[in-house]
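Report on the structure given below.
The values are calculated or read from the model by the stated rules, or taken from the named source; none is laboratory data. These numbers were taken from a predicted model, which means no experiment stands behind them. Here Cβ is always computed from backbone atoms with ideal geometry, including for glycine, and neighbour counts include all displayed protein chains. Surface accessibility is based on the protein's heavy atoms, side chains included, excluding ligands, DNA and RNA. Shrake-Rupley method; radii C 1.70, N 1.55, O 1.52, S 1.80 Å.
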Amino acid sequence: MSAVLASEPFLERAPLELRDAVVQLLPAPAQWLGHHLITILAVVLGFSLFFAFTTVAERKLLGRLQNRLGPNRAGVPKFSILPFHLRHKLFGLSQPFADAIKALTKEDIVPAAADKLLHFLAPVVVVAFSLMTFAVLPVGRHLVPVELDAALLYFFAAGCASELALFMAGWSSRNKYSLLAAMRALAQLISYELPLILSVVPIVLVTGTLSTVAIVQSQGVWSFGLLPHWFVFTPWGFAGFIIFLIATLAETNRSPFDLPEAESELVAGHLTEYSGFKYALFFMAEYFGMTALSGLGVTLFLGGWQAPAPFLEFIPSYLWFMGKLVGMLVFFIWIRGTLLRLRIDQLTRLSWQFLVPLALLNVGNAAFWSLTAHWSGPLNLVRWAIALALVVTPFLLLGRTLSAGFAPRTYRYAS
Amino acid sequence: MNPSGNSCGSFPAASPFAPVAGPIVRSVTDPFHGDLLEVSMGPQHPSTHGVFRMVATLDGEQIVKLKPVFGYLHRNHEKIAENTSYLASMPYTDRLDYLCSLSTNWAYAFAAEKLLGQPVPDRAQYLRIILAEMTRLVNHSCLVGFLFNDLGTSFTPLLYAFREREKIIDLFESLTGSRMMCNYQRFGGCRVDPTPEWLEAARKLVENFPRFLDEYERMLTGNEIMLARTQGIGRVNAAQAINAGLTGPVLRASGVDYDLRKVDAYGFYGRMDFRVPLGDHGDTYDRYMIRILEMRESVKILAQAFRDLPAGPIMDPKAKQRGHRPKAGEAYGRIEGPKGEIGFHLISDGSPNPYRYRVRPPSLINLTLLEDMCLGHTLADSVVILGSIDIVLGEVDR
Amino acid sequence: MTVALFLIAGLMLGSAGVALLLRNLIHSALLLVASWAGVAAFYLWAGAEFVAFAQILVYVGAISMVVLFAVLLTRQGLEISRPVEPDAQWRAFSAITVGACLAAVLGSAILSTKLPAATATAPTLSVKDTGLELMNHHGAALLIVGLILTVALLGATVLAATDKPQKTEDAA
Amino acid sequence: MLGTGILNGLAVTAKNFLGSFHDPARLVTVEYPEQHIPVPEAYRNFPFLVSESADDPMGTLRCVSCLTCEKECPPQCIVIVRSKDKKPDATGKAQFYPTVFNIDTSVCMGCQICVEVCPFDSIKMDKVFEITATNRFTELLLNREQLAKSNAYYHQIHPVEAAEVDGRLAAERLAAEEKAKAAAAAKAAAAAAKPAAPAAPAVPAPQTPPPATP
């Protein structure tokens, strides 16, 4: 590893060098443990910080979308030990820390009728499993916490436990709103797990691997030294990416699929009976889930840590990854600021009647694409045309049946 | 949770109006584990528009029974008014429908002027139209904002609507001294004469309002989720609407051409050129769109009113300012408020206080059809339907 | 490593046993999920990554949902401690008999199979190899299984669809 | 096509996002404790009593405790006790004065009806809106010492209206003096001239026309 590493630019290997330097300080028997602990710590701390700033970014972005300023007050706290007081408000960037202190100091209220054990376990389970998904995301060229052969499978296996936790939360609260939310969460999981996985299958089909590292590496090619070969720039990849985005929104309970916590009818859904730090844990898990799935989307469709053009490779790979991740999250926030919520039957219908057939056809499309990989010249144009048609036609047809009967109306006036 | 609820202010289980085809209500055996789930929404609930309460009985997510419960905001409005002078009730009418105090003021002044036989100068008539239509803009823009919040947006349309509403409300404040509790109309005219600068500012604002409407409609009217969530939801046919006594945009969305501004042509509405939009389906989408279209018509009325506003006194010089003692008799004054027919029925026995004072609140009467609208739809729809009826609890409970 | 095996086995059997004994159906269902997770952990211990993750994905992710749905949709008298019904013992007896017969059949099948002797090092089998093996040698079996599942799915859909006009159930 | 409505919505929110950075018509937020929106002149909150001089507020209250506002106040939040004796007011006329003048601002709804019905321009609306209290029964019940504010303050918060009121009062005073003079000249033989009890305003203003004497 170090041989490959040594040839890299300094910025690229800086995080690993830092880790190795720390590990060297430990006595030899503890080095193995230290190595792994540092990795775990880096992932947990790094993504926790990322989560903290995502919340404040979300609130600020939503604020701007809604013509508000967003939080801009929480700044440097007034410590009496300092000889002076920094008056700067830091643009509200310390808001998440203030929120964390507030959540930690709040009273933890458990309803008398609640199932105490499950009520306590739910937030723990949800955070633990959502953190586990980060293990297989290749953050940089050499920054992969765990290199697994079946990384994709691992990712989905680890992620699927979170809705189980939502169910536990909803059921154990002994609140009708929570119970309804739990039912919705189950229905949503069953409906959207399928398109989510099906949207990823074409990539496995084309690359022939389940390893995230290999998938990113297979996207590190450029046509004419400029156009990146990210999967999103192929017809099937684009369709898969859109399906993946929609399913991600649904899997992470983000607007417009935030039915389990639909505040307009279910108050706060499964979180109604949670307060204080348990509530914060759910909140955290939701953002971890969103970040992890966005990271997977970046890895699979947007070239992972690859730079968009070869001459931009001087920027370290992990910054590219983070940049793309931030872009995905901004898009999610933008969606949240714009769209309204679906109803539960529409939600399931969208999945079963629209996304699942599209995703299945997309698998066929990807098969066609990998079978015709050797076509070149004018045949290449034919290949693109057929692949595009295989995406657009079913989209239009299925879209028409899905939105049948719904159209803007014209109105008459009284004479 | 008490399945039977308190009987005060609730409807009998069987609605007197022809119910829409819905499933048969099964008895609730055990509220938590039985076949049906009874959910009490409110009075503390984020989207019951105040302290309204709906006791919904659910089969899965589908509503098989819905009982509205209200009265949590009852303040004895009518009885208070019967114990104070005619003038002193005016500021209380602000608090009925606190989003549209200016039109409620007008309705009360209208009733009292009828009782007193009090004429109103031309300028005041125009000012009343201007302020009532601006109130309609305020109310409808708020309503569509809240409706979208009920539909699950994260406040974006509501805040856009509030941004525009705030501009109008600032004008109200600079004219009447208060943003919402305007207390502006008097028997025989208006309280304050707007300055030319105020009129110019108002004219400009109204001129720019359609631009906001266009943007708003572009954002959400054609949205596929919005269409799917509102079309065909909470249908009311014309017969049902008339039987239940619905008025206002809710009635017109069901296709009934009944607008008091045309029917009664009260004030100077006879001189205004505007159209009354009508819906054909009577569903939530129609109720939403009728309001958008009404706002566009209001802008037209306002442009005419600003153009034609005459100079002159705003108060009949012979009008008494206080100590009104109308002759024994009764009067009913009604206007087309933003929510529907807002009427005041006054009976005088010649004393300084009204003998009987009765409000016809459009919010309450439009609410009577809520269960029929909601049956067979899901819990999420019931919130949207409630939002599309447009209630203000200050007026429902009085 | 053996300690880990016993820990996993303890978790698996313990949660399965408690799941049988608990009266609270939701707790039982969740413990069953824990037991399935234990099976996955056992696969991981044995070095079968692919099977382990598939086990979690299918059992913890999907089948548990179905179980929970079924539990939620059935009437359950949690608070009511029912007296033991007269024929409960008869039922328990027949259940144990059937269970014992099944165990006997399975056990004899396992014992009669000639398992390959354990090699010193576990064979390194990548996911790709597993996939190729499945698709090439066991392709027919895979197809048949898929077909049966599809038929089952269609049957379930038909059953659910004919139920709809009479009972207006939730679309979910 | 499915999705166009959603894309339109996204475009609008993006426009608003960008607009919030440069368009003051979109970003309307005012950061309150540091920035204030100037309250309009017509703004009203709770009433206060006008006194002619800041030095001796209790001696120069315009209020003659005619009890009109107490009677007309819709929520009945005003309590006045009229004095037994008469004191010369700011103009030197002997008048009753309120020994007790309490307004319960926790009940007051700021409707301005007391201001409208006051024949002496002695009660006006204040603009102070940053009010906090820890006890609504004691701290929000304002007595006449707390309510009295000088005419100069009135000029400060309602310049146009106060100027108009002052002009009207000056005209009234002038008219009353002339009337008194004329009366004195006409009835020189008679005893002391007695101006008609609260003089009707000579110049009826369009905003507050003469009160109908009960």
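Distance between the C-alpha centers of the range A:135-172 and the range B:222-273? Whole Å please. Answer, in whole Å: 52. With K and R counted +1 and D and E -1, the other residues having a Cβ less than 11 Å from that of B:Arg291 yield a net charge of +1. Taking N as the residue count of the protein assembly as shown, its C-alpha radius of gyration divided by 2.2 N^0.38 Å amounts to 1.14.
With a Förster radius of 56 Å applied to the C-beta separation of B:Trp198 and D:Asp104, the computed FRET efficiency comes to 0.95.
When chain B is described by a simple charge dipole with +1 on each Lys and Arg Cβ and -1 on each Asp and Glu Cβ, the residue from B:Leu386, B:Leu127, B:Tyr355 located farthest towards its positive end is B:Tyr355.
Given the options D:Gly110, D:Val30, D:Thr99, identify the residue whose Cα lies farthest towards the positive end of the charge dipole of chain D (+1 on Cβ of Lys, Arg; -1 on Cβ of Asp, Glu). Positive-most Cα among the choices belongs to D:Thr99. Placing a pseudo-label 7 Å from each Cα along the Cα-to-Cβ vector at D:Thr4 and B:Asp280 gives an inter-label distance of 2.0 nm.
Ranked by the mean number of other Cβ atoms within 10 Å of their residues, highest first, the peptides C:38-47, D:42-51 come out as D:42-51, C:38-47. Taking the longest Cα principal axis of chain D as reference, the axis of helix D:159-186 is set at about 10 degrees.
The label point for D:Met58 and the one for B:Ala238, both projected 7 Å from the Cα toward the Cβ, are 7.3 nm apart. Partner shielding of A:144-155 amounts to 4, given as the average count of beta-carbon atoms from other chains within 10 Å of each residue beta-carbon.
Projected label points at D:Ala170 and C:His27, each 7 Å from Cα along the beta carbon direction, are separated by 8.9 nanometres. Using the average count of surrounding beta-carbon atoms within 10 Å as a protection proxy, the listed peptides A:154-165, A:348-359 rank, highest first, as A:154-165, A:348-359.
Number of Lys-Lys pairs in the range B:77-397 under 28 Å by Cα, sequence gap 8 or more or different chains? Final tally of qualifying lysine pairs is 19. The stretch between A:Phe331 and A:Ile101 holds 79.9 nm of extra length on full extension. This uses 0.36 nm per residue minus the Cα-Cα distance.
Taking trypsin sites (Lys or Arg not before Pro) across the range B:288-321, the ones in a DSSP loop with at most 11 further Cβ atoms lying within 10 angstrom of their Cβ are B:Lys318. Other residues whose C-beta falls under 12 angstrom from the C-beta of D:His158 contribute a net charge of -2, scoring Lys and Arg +1 and Asp and Glu -1.
Under the combined filter of DSSP loop state and at most 11 neighbouring Cβ atoms within 10 Å, the range A:230-314 retains these chymotrypsin sites (Phe, Trp or Tyr not before Pro): A:Phe314.
Which of A:Pro310, A:Pro256, A:Pro202 ends up with the largest GNM mean-square fluctuation for chain A, with Cα atoms connected below 10 Å? Of the options given, A:Pro310 has the highest mean-square fluctuation. Its Cα centre serving as origin, the protein assembly as shown has a Cβ charge dipole (Lys and Arg +1, Asp and Glu -1) of approximately 2040 debye. Across every pair of non-identical alpha carbons in the range B:225-368, the mean reciprocal distance, once inverted, gives a Kirkwood radius of 17.5 Å. Listed peptides A:105-115, B:169-179 appear in the order B:169-179, A:105-115 once ranked by packing, highest mean of other Cβ atoms within 10 Å at the front. Only Cα pairs under 8 Å and at least 6 apart count here; give the relative contact order of chain A as a rounded whole percent. Relative contact order here is 18 percent. Largest first, the residues B:Met315, B:Met180 sort by 1.4 Å accessible area into B:Met180, B:Met315.
For chain D, the Cβ-based charge dipole about the Cα centre amounts to some 720 debye (Lys, Arg positive; Asp, Glu negative; other atoms uncharged). Here's the picture: charge each Lys and Arg Cβ at +1 and each Asp and Glu Cβ at -1 in chain D, and of D:Pro57, D:Ala186, D:Gly5 the one pushed furthest to the positive end of that dipole is D:Ala186. Taking Lys and Arg as +1 and Asp and Glu as -1, the other residues whose beta-carbon sits under 11 Å from that of A:Thr209 total 0.
A simple charge model with +1 on the Cβ of Lys and Arg, -1 on the Cβ of Asp and Glu and nothing else charged puts the dipole of chain B at about 1280 debye relative to its Cα centre. For the segment D:63-76, counting C-beta atoms of other chains within 10 Å of every residue's C-beta and taking the mean gives 3. Entry note, the range B:181-336: relative contact order of 30 percent, from Cα contacts under 8 Å with a spacing of 6+ residues. Here the mean projected area of the convex hull built on the C-alpha positions of the range B:77-397 is 15.2 nm². Database remark: amide H of D:Ser150 closer than 5 angstrom to the amide H of D:Ser51 (H placed geometrically; neighbours at sequence offset of 5 or more, or on other chains; Pro and chain starts carry no H). Dividing the mean sequence gap of close Cα pairs (under 8 Å, 6+ apart) by how many residues the range A:179-301 holds gives a relative contact order of 33 percent. For the peptide D:27-34, the mean number of other protein chain Cβ atoms found within 10 angstrom of a residue's Cβ is 3. Treating r as the C-beta distance of C:Ala70 and D:Glu145 and R0 as 60 Å, the FRET efficiency rounds to 0.20.
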